[in-house]
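Here the structure is laid out as structure tokens; the discussion comes afterwards.
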Amino acid sequence: MPREAEPSLNERQFVLQALQENLRLDSREADRYRPLEVTFGDEYGVAKVSLGKTRVLAKASAEVTVPYADRPLDGVFQIATELSPMASPSFEVNRPTETEVLLSRLLEKTVRRSGALDTESLCLVAGQKCWSVRVDVHVLSHDGNVIDASCFAVVAALRHFRKPDTSIEGGILTVYTPAEREPVPLGWLHSPFCVTWSYFGEEGEMALLDATRAEEQVRVGSCTISLNRHGEICQIAKLGGTPVEAVILLQCTAIALTKVKEFSAYLDKKLAEDIKRRDAGGRSAELTAENDR
Amino acid sequence: MTVSAAPEAALSVLPRADGSAKYSHAGYTITASVNGPIEAQRRDEHPYEAHVDVVVRPAAGVGGTRERHLESVLQSSLTQIILVKNFPRALIQIVLQIESTPGNDYVNTKLFQASLNFSIMPALFQTAVLALLSAAVPMRATATASVVAVVSQDKEKKLIVDPSAREIEAAQSVHVLAFTSHDELLLAESEGDFSVKEWDDVYETAKKICCQPESQKAGIEMVPDDDNARGPDMRQFLRSTLEEKVAADLHWK
Amino acid sequence: MPLDTSAYSLALLRVDGRRWNELRRIHAQIRTQAAADGSSYLEMGHTKVMCVVNGPSEPGPRRGGVGGTSAAGSGGGGGQSKDAEVAVSVVVAGFSSVDRKRRGKNDKRILELQSTISSALGASLHTHLFPHSTISISLHVLSLDGSLLAALINAATLACVDAGIPMTDYVAACTAGSTSTYAANDESADPLLDLNHQEEQELPGLTVATLGDSDRVAVLVCESRVQVGRLEGMLAVGVDGCKQVRGIIDRVVRDKGRRMLQEGTVEKGVGLEDMDLD
């Protein structure tokens with residue numbers, strides 16, 4: 001298996017020394033993200049996120065299945081993250097690396113366990129039929145901070161997604177095709193976003209947001225904080241690494257909250273633009289009523 | 001959904017891969033990355049030639065037998081055009097990520113068993129060739145591919161180039177053909193029942209699309225073609241894409 | 001099983017009769033396994049874990065990628081690196097909890113635990129002294145009643161001390177929670193120390209691990225929804241709890257050392273390498 005190219009001593013020194021002088025290689029400030037951009041596909045539920053040179057594609061899809069026996073009233077919701085050799089040749093197909101496991105756990109905790117998607121609304125017939133929603137995350141290019149980009153892509157894809165409309169009459173479930181009835185959005189409760197801090201220095205005293213690959217390779221620790229714009233923490237993960245002062249972690253959380261509010265506003269704006277673009281025909285009346293609820 | 005008839009492509013879209021391409025045609029959008037030649041794993045290592053590894057990843061769901069089938073077909077045909085003997089014990093890794101497929105508003109598809117069909121093959125093939133070119137992997141020839149469906153309409157057989165999902169459902173047979181730039185037939189896969197005569201027609205149509213002679217292009221100043229079955233000129237497309245890319249890269253000169 | 005939180009506000013006592021700032025009983029032993037380089041057994045209330053450390057030693061045949069990570073973080077390549085690799089394996093016994101769930105080896109939750117422990121201890125152990133080698137830590141969970149990650153980290157720290165691997169300081173961990181649910185915005189919520197399983201299910205909580213006596217946090221894991229304002233209180237209680245835990249495990253190590261001297265297993269001044277097992 002080809003190995004990931006590790007930074008040489010000189011590169012390592014260069015990045016670190018620049019950081020000591022409060023300089024980043026791309027001359028960003030410490031708490032500044034690279035330009036974040038999200039685009040939606042022609043289909044519903046496809047979101048492409050680019051964060052600098054990092055690029056992530058998320059696609060949401062839904063089908064009708066049988067609910068789990070122990071949760072007859074809930075739908076099925078899963079997030080699939082498989083890193084392909086496209087992101088880096090060191091990722092192998094069908095063999096999860098540590099990065100992949102941690103990424104999928106983080107997304108799971110941030111989006112699924114925090115109850116962002118109302119899984120009860122996915123239930124069609126209790127114990128027999130439910131929607132199974134799945135989000136596939138594809139990392140196309142890995143230039144650092146895949147976690148934040150993936151989380152944003154997942155949330156964007158799910159909020160953009162429309163599942164086919166259904167009706168139950170006399171115990172018979174009908175799933176309408178998009179041609180028959182306009183698909184409906186998912187029951188969405190809140191939008192969590194991840195903000196990842198990277199720590200540098202002997203005691204982890206320097207904290208940077210949105211590290212690039214080069215910075216990620218020389219960092220001594222990281223902490224991913226997931227929040228929504230209401231100021232609720234969905235998860236925090238500082239999984240080891242060099243210990244960092246508790247006070248710094250609290251400051252990081254406060255800054256993360258302002259970033260999450262920015263993300264939230266940006267995504268709302270983009271989704272509104274997309275609805276407007278699709279509604280050129282003027283079928284907007286019923287759709288907007290749906291969305292305001 | 002509007003399906004653009006003309007193919008579109010961009011080269012070197014991914015910053016970290018050795019070579020990459022994004023290609024969209026007839027509703028399919030595919031991104032490919034090529035890494036190589038890189039160190040092969042022990043089990044893939046071949047003492048005399050490079051191993052070509054093709055991974056097809058569907059947009060939603062995990063790949064199944066259909067993807068494996070597409071991978072094996074692509075792998076064997078790409079091995080033919082890549083100069084694999086130049087890189088013994090190495091690996092050339094091609095990852096094809098499907099981003100979107102033409103939607104069918106009239107059917108609710110089972111999405112999790114991501115099912116791919118024949119009509120995606122030319123798009124995959126074309127993207128792979130573009131990505132290989134972008135990665136500067138030495139090749140014997142370039143190649144172009146096309147899909148043709150035979151539909152019976154009022155007892156008459158009709159050929160449709162780049163059929164839509166509905167047309168494929170109604171079609172009697174679907175054929176995928178690929179030609180090298182030396183006008184050799186590289187790949188022929190067929191599905192459904194058809195006669196030898198029909199296949200010959202399909203062959204001629206596909207060949208016209210894939211291997212339009214260069215001289216004709218230069219001589220007859222691009223006569224507007226209203227023959228519908230003719231479809232786009234793939235070889236010219238491949239060429240112009242690369243020319244654009246090279247021109248852009250060498251702009252500073 | 002709904003937790004009767006109303007009782008708390010009346011008597012200020014938790015389900016198991018503790019006050020908000022009380023740890024559960026922590027009982028620990030080191031040097032429990034004669035055959036291993038280092039070993040420990042730790043109980044935090046009803047959470048019981050066993051730890052065995054082997055190494056630093058030459059890396060064995062390559063295992064599946066995730067279990068072991070070198071302390072450098074992303075630096076792959078097992079024993080090839082300049083630092084020792086800390087390979088952690090966690091096994092949760094089937095009989096450890098009431099509902100006897102089968103947990104596969106590739107359960108992502110377990111893989112995450114392993115990677116966390118590896119990277120938390122990697123930051124404290126002087127891994128740079130043992131290039132091209134592996135320190136393997138295997139943890140067995142015998143009984144499960146909340147604060148799993150904290151118990152695992154404490155047990156691993158003790159076993160590493162027993163194995164005599166040079167380290168900066170103890171990595172001590174404990175959990176902290178808050179009596180309010182995420183929805184309630186009440187200011188009266190009290191932070192709680194050291195959650196048991198029942199509290200972990202019902203209340204927001206986090207796991208903190210600190211290095212030695214400092215306020216420096218090596219691990220901070222929060223897996224439940226909680227108001228951002230709650231974090232400070234929980235973190236403060238957690239960090240304070242870690243100091244208490246550190247005191248307890250420090251005493252365990254010192255007691256054991258003293259006993260070994262008394263029993264004459266080691267003479268004063270003898271290097272630890274020549275020490276016989278008791």
Exercise. Once both axes come from the Cα atoms, what is the angle between helix A:98-107 and the longest principal axis of chain A, in degrees from 0 to 90, rounded to 10?
Worked result: 50 degrees
Seminar exercise, completed: In whole angstrom, the spacing between the Cα centers of the stretch A:239-257 and the stretch C:232-254 equals 19 Å
Exercise. Which peptide among C:245-257, B:192-204 comes first, and what is the full order, when sorted by highest mean count of other Cβ atoms within 10 Å?
Worked result: C:245-257, B:192-204
Problem set entry | Footprinting exposure proxy for A:Glu120, A:Glu232 (fewest neighbouring C-beta atoms within 10 Å first) | A:Glu120, A:Glu232
For this session: Per DSSP H run of n ≥ 4, the term is -39500 (n - 2.57); total these for the protein assembly as shown, divide by its residue number, and report the mean residue ellipticity at 222 nm rounded to 500 deg cm²/dmol.
Result: -9500 deg cm²/dmol
Problem set entry | Globularity ratio of the stretch B:8-249, using Cα Rg and 2.2 N^0.38 Å | 1.02
Seminar exercise, completed: Mean projected area, convex hull of alpha-carbon positions in the protein assembly as shown, reported to one decimal in nm², is 41.9 nm²
Problem set entry | Scaled radius of gyration (Cα, divided by 2.2 N^0.38 Å) that chain A gives | 1.09
Seminar exercise, completed: So the angle from the long Cα axis of helix A:246-278 to the longest Cα principal axis of chain A, reported in degrees to the nearest 10, equals 40 degrees
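Fewest to most neighbouring Cβ within 10 Å: what's the order for A:Tyr266, A:Tyr68? Please report the intermediate quantities before stating the final value.
Values: A:Tyr266 16, A:Tyr68 12.
Lowest count first: A:Tyr68, A:Tyr266.
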For this session: Normalising by the residue count of chain A, find the relative contact order in percent from Cα pairs under 8 Å and 6+ residues apart.
Result: 18 percent
Problem set entry | Between the stretch A:196-218 and the stretch B:168-184, the Cα center-to-center distance that results, in Å | 52 Å
Seminar exercise, completed: Distance in Å, no decimals, from the C-alpha centre of the stretch A:43-115 to the one of the stretch B:1-78 is 21 Å
Problem set entry | 10 Å Cβ neighbours from other chains, averaged over peptide A:91-103 | 5
Exercise. What Kirkwood hydrodynamic radius do you get for the stretch A:1-138 when you take the inverse of the mean 1/r over all pairs of distinct Cα atoms, in Å?
Worked result: 18.3 Å
Problem set entry | Charge dipole (the protein assembly as shown, unit charges on Cβ, about Cα centre) - positive-most of C:Thr47, A:Thr196, A:Pro164 | C:Thr47
Exercise. Given the convex hull over the Cα atoms of the stretch C:81-170, what projected area results after averaging over all orientations, in nm²?
Worked result: 5.9 nm²
For this session: Rank the residues B:Val34, C:Val239 as a footprinting-exposure proxy: fewest other Cβ atoms within 10 Å of their Cβ go first.
Result: C:Val239, B:Val34
Seminar exercise, completed: In degrees, nearest 10, the alpha-carbon axis of helix A:9-20 is tilted away from the dominant principal axis of the alpha carbons of chain A by 80 degrees
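Let me know the charge dipole size of the stretch B:8-249 about its Cα centre in debye, to the nearest 20, where only the beta-carbon of Lys, Arg (+1) and Asp, Glu (-1) is charged.
It works out to roughly 700 debye.
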Exercise. Using a simple charge model, +1 on the beta-carbon of Lys and Arg, -1 on the beta-carbon of Asp and Glu, nothing else, what dipole does chain A show about its Cα centre, in debye to the nearest 20?
Worked result: 320 debye
Exercise. Mind checking which of A:Ile168, A:Ile225, A:Ile255 has the largest fluctuation in a GNM of chain A, springs on alpha carbons under 10 Å?
Worked result: A:Ile168
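Every number in this text was worked out from the coordinates using simple rules, so none of it is lab data. All values derive from a computational prediction rather than experimental measurement. No Cβ is skipped: glycine too gets one built from the backbone with ideal geometry, and neighbour counts run over all protein chains shown.
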